[in-house]
Amino acid sequence: MDLKGNLDSRFEPVVDAFRDGFDSGRDVGACVAATLGGELVVDLWGGFTDRKKTQLWQQDTLVCMFSVTKAMTAICLLQAVDRGLLELDQPVASYWPEFANHGKASISVRQLMSHRAGLIGFHQPVSKAIYYHWEEMVAALADETPWWDPGTRHGYHARTFGYLLGEVLRRVSGLTVGEWFRNELVAPMSLDFAIGVPAADLERCAQMLPARVRSGEQKALPEPMRQMMNDFYDVTTPTGAAFQNPSLGPGYMNSQQFRQAEMPALNGHGTARAVALLYGQISDLLSQAIIDEATRTHSLGPDEVLKSVTRFGLGFQLYLPEAPIGIRTGSFGHSGAGGSMAFYDPDSQIGFCFAMNQMQEGLITGGTSAMKVAKALYDCL
């Protein structure tokens with residue numbers, strides 16, 4: 001595999017770990033980047049942007065990172081908190097009055113950001129079209145009943161997270177998440193990442209390749225993951241409601257409609273370089289007080305949606321041996337469906353992002369390639 005990019009000579013073993021993803025057949029196209037002390041020390045890419053392997057991955061190829069986007073959205077909300085536009089312990093309804101319906105009047109911004117609000121999906125069937133119409137989606141969420149008593153449990157708000165936080169941000173700032181991210185992060189830092197891909201950049205997007213599940217593979221999954229997969233298509237369960245009411249349809253992630261929409265929980269497109277640089281500069285983006293608050297444990301234990309033990313701060317997944325984000329305790333960030341992963345390690349001052357287009361099945365953290373490359377990076381320290 002002909003890999004491209006640059007890296008500090010101290011991190012040469014990262015190249016071999018990155019190459020292994022292609023040699024083993026796990027990866028079709030991928031990119032990885034890392035910063036150390038805010039400086040870019042790894043920036044690699046390789047492979048192909050399409051299943052037929054006719055288009056080479058380029059330096060500026062954009063890849064959908066799915067839930068890596070949740071942390072980007074959280075950073076926008078946390079900046080708004082830092083600037084006094086909203087308060088974490090204020091009721092959401094104080095900013096979004098319609099939200100108070102059906103027992104939601106006391107749900108706080110903090111509970112939204114830590115997956116404790118119980119608004120993981122809809123009880124009644126909805127059309128997939130609603131996900132592409134912001135006003136309809138947030139109105140439906142305002143009219144929804146929580147799946148559990150808010151604050152008593154936590155469960156991964158897989159798709160609703162971005163709309164819920166995004167509407168709060170819109171109410172206090174007048175800007176959508178995509179606009180805030182573009183104005184406050186992309187423009188000043190020259191980051192190649194978008195929540196809602198501009199038409200001019202659509203041709204740079206890699207084709208996402210859904211996971212191929214082979215016969216018998218589900219039986220080999222850990223018990224909590226098997227439980228999640230058993231409930232995945234049952235929309236009467238929290239898991240099914242979160243992921244499949246409605247199904248967005250086969251190949252949705254490669255449609256122009258999906259790429260251009262603002263879905264701040266799941267459709268951020270960008271380069272690994274952009275995300276690693278953002279994490280590497282996070283102390284310049286947020287006050288230390290808000291970073292400390294956002295990265296302390298808010299939710300820990302059995303997850304009502306994922307059926308596994310998960311640990312969340314405010315919009316960030318926090319390191320947990322059972323579901324690691326990064327390699328070391330203290331790291332925070334977010335994984336994305338199929339195997340992408342991005343994080344910051346404040347002790348080592350490492351910002352990291354791995355993203356790929358060949359998805360793996362049954363992941364709640366970074367995939368095999370992401371973890372191998374991250375480990376190789378740490379072995380060089």
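See the values below:
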quantity	calculated
Residues that are in a helix (DSSP H, G or I), at pLDDT 75 or above and surrounded by 12 or more Cβ atoms within 10 Å (Cβ to Cβ), drawn from segment 194-222	ASP201, LEU202, ARG204
Some residue of segment 58-66 being modelled with pLDDT under 95 and surrounded by fewer than 17 Cβ atoms within 10 Å (Cβ to Cβ)	no
So THR310, is it in a helix (DSSP H, G or I) and either on the phi > 0 side of the Ramachandran plot or of a type in the set (Val, Ile, Thr) (or both)	no
Positions within segment 325-381 being touching a helix residue (DSSP H, G or I) at 6+ places or on another chain (Cβ under 6 Å), surrounded by fewer than 23 Cβ atoms within 10 Å (Cβ to Cβ) and under 15 Å from THR310 (Cβ atoms), in sequence order	GLY362
Selected residue (only one of PRO91, PRO146, PRO150, PRO97 is on the phi < 0 side of the Ramachandran plot, modelled with pLDDT of 95 or more and surrounded by fewer than 16 Cβ atoms within 10 Å (Cβ to Cβ))	PRO97
Residue, surrounded by the most Cβ atoms within 10 Å (Cβ to Cβ), within segment 13-50, restricted to residues that are out of contact with any helix residue (DSSP H, G or I) (no Cβ under 8 Å at 6 or more places or on another chain), without any contact (Cβ under 8 Å) to a residue 60 or more places away in the chain and not hydrophobic (A, V, I, L, M, F, W, C)	ARG19
Residues of segment 153-193 classified as in a loop (DSSP other than H, G, I, E, B), over 18 Å from LEU286 (Cα atoms) and in contact (Cβ under 8 Å) with a residue 12 or more places away in the chain, total	9
Residue list for segment 318-338, filter: touching a residue at least 60 places away in the same chain (Cβ under 8 Å) and assigned to a loop (DSSP other than H, G, I, E, B)	ALA337, GLY338
Residue match in segment 117-137 (condition: in a loop (DSSP other than H, G, I, E, B), of a type outside the set (Phe, Trp, Tyr), modelled with pLDDT of 95 or more and touching a strand residue (DSSP E or B) at 6+ places or on another chain (Cβ under 7 Å))	no
Breaking point among (1) of a type in the set (Gly, Ala, Ser); (2) under 24 Å from VAL32 (Cα atoms); (3) assigned to a helix (DSSP H, G or I), for GLY315	(3)
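The values are calculated or read from the model by the stated rules, or taken from the named source; none is laboratory data. Computed from a predicted structure; not experimentally measured. Because the Cβ atoms are built from the backbone with ideal geometry, glycine has one as well, and the counts that use them run over all protein chains shown.
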